[in-house]
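Following: one structure in structure tokens, then a few remarks.
The values are calculated or read from the model by the stated rules, or taken from the named source; none is laboratory data. Please read all numbers here as calculations on a predicted model, not as lab measurements. So basically every Cβ, Gly included, is an ideal-geometry build from the backbone, and we count neighbours across all protein chains shown. These accessible areas exclude ligands, DNA and RNA; they are computed on the full protein's heavy atoms, side chains included. Shrake-Rupley method; radii C 1.70, N 1.55, O 1.52, S 1.80 Å.
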Amino acid sequence: MLIAGVDLAAEPKGTALALIDWAKAGSKGNAKLVHLELGVNDERIIDASKQAEKIGIDCALGWPIEFVDFVVAHSQIEPGASPIDGGIDWRRRMAYRETDRQVREITGRWPLSVSTDRLGLTAMRCAGLLSKMLQGGLEVDRSGGGRVVEIYPGASLRLWGFDTTGYRISAERRADLLAQIETQAPWFELGEFAELMVQSCDAFDAVIAALATRSAALGHYQKPNEAQLRQAQIEGWIALPSKPLGSLANAPSD
């Protein structure tokens, strides 16, 4: 099983791609980081999506339905149209997707809002990637049921029991965190890429995204319930790991 993880940015600079080979996973659950790359363009990501059994992208795969409806309605506003609420509760509904509310409930933290925060340009790039994947014949289900799944590396690490304080801005913290990961996952071979993970927070997150994607591929993630599924297929759904990091080694899929 080849699994891909992408830490997506608005441009190739700041975008990282990781590939983990689980083909040799057995009684010891051996897994190897076989590729880690910075400065990744769309074509490289599309190519990886064709090679991998599943690809996890650290980016919102869609926008809140209510936000999209509001933007369309607002672009056509006319005298006599229904008034816009504009209040704080209304704005919060516009800002967050159903999956964001689920993440908040499980982790106690809000993800960045794709509607109002710094994610817009990256999400637009992601929309282009998903379109190209569909055109290339790949199955894209924004709820995570197809080839592509939405991943949140920081939340994944916290659910696995790691302290993520400062790791995005400190190489020292990344080195410490990586040592902890290696202790808990002795079956995971980093090879020549450990130094790059310490040097680059983007590379680090791409590898964590690949690990979390393995969890999703095994079915070990918080899935949308029946009432949430249609919304997740439109807005996207963050696949939060539901089992410990060690379960990735040799666990059967659900």
Looking only at the range 86-118, and only at residues there that are in contact with a helix residue (DSSP H, G or I) (Cβ under 7 Å, 6 or more places away or on another chain), among the aliphatic types (A, V, I, L, M) and without any contact (Cβ under 8 Å) to a residue 60 or more places away in the chain, the one that is surrounded by the most Cβ atoms within 10 Å (Cβ to Cβ): VAL114
Can you find even one residue in the range 209-223 that is surrounded by fewer than 20 Cβ atoms within 10 Å (Cβ to Cβ) and either assigned to a helix (DSSP H, G or I) or in contact with a Cys (Cβ under 8 Å, 6 or more places away or on another chain) (or both)? no
Kindly provide the set of residues from the range 116-158 that are part of a loop (DSSP other than H, G, I, E, B) and among the hydroxyl-bearing types (Ser, Thr, Tyr), ordered by number. THR116, SER143, TYR152
Which numbered condition GLU150 fails, given (1) surrounded by fewer than 20 Cβ atoms within 10 Å (Cβ to Cβ); (2) in contact with an Asp or Glu (Cβ under 9 Å, 6 or more places away or on another chain); (3) at pLDDT 95 or above: (1)
Here is a check on your reading of the model: is ALA179 in contact with a strand residue (DSSP E or B) (Cβ under 6 Å, 6 or more places away or on another chain) and either under 15 Å from ASP7 (Cβ atoms) or surrounded by fewer than 19 Cβ atoms within 10 Å (Cβ to Cβ) (or both)? no
From GLY146, GLY166, grab the single residue that is free of Cβ contacts under 8 Å to residues at least 24 places away in the same chain and over 21 Å from ILE55 (Cα atoms). GLY166
Considering each residue of the range 159-172, count those that are assigned to a helix (DSSP H, G or I) and buried (at least 18 other Cβ atoms within 10 Å of the Cβ), and give that number. 1
Looking at the range 1-22, I want the residues that are of a type in the set (Lys, Arg) and have a partner that is open to solvent by 10 Å² or more (accessible area, probe 1.4 Å) with Cβ atoms under 9 Å, at least 6 apart or on another chain. Which pairs are those? LYS13/LEU38; LYS13/GLY39
Do you know which of the residues in the range 104-141 that are among the acidic types (Asp, Glu) and over 16 Å from the mean Cα position of the chain (by Cα) is farthest from ALA9 (Cα to Cα)? GLU105
So for the range 236-253 (the condition being at pLDDT 95 or above, farther than 19 Å from TRP160 by Cβ and not hydrophobic (A, V, I, L, M, F, W, C)), does at least one residue qualify? yes
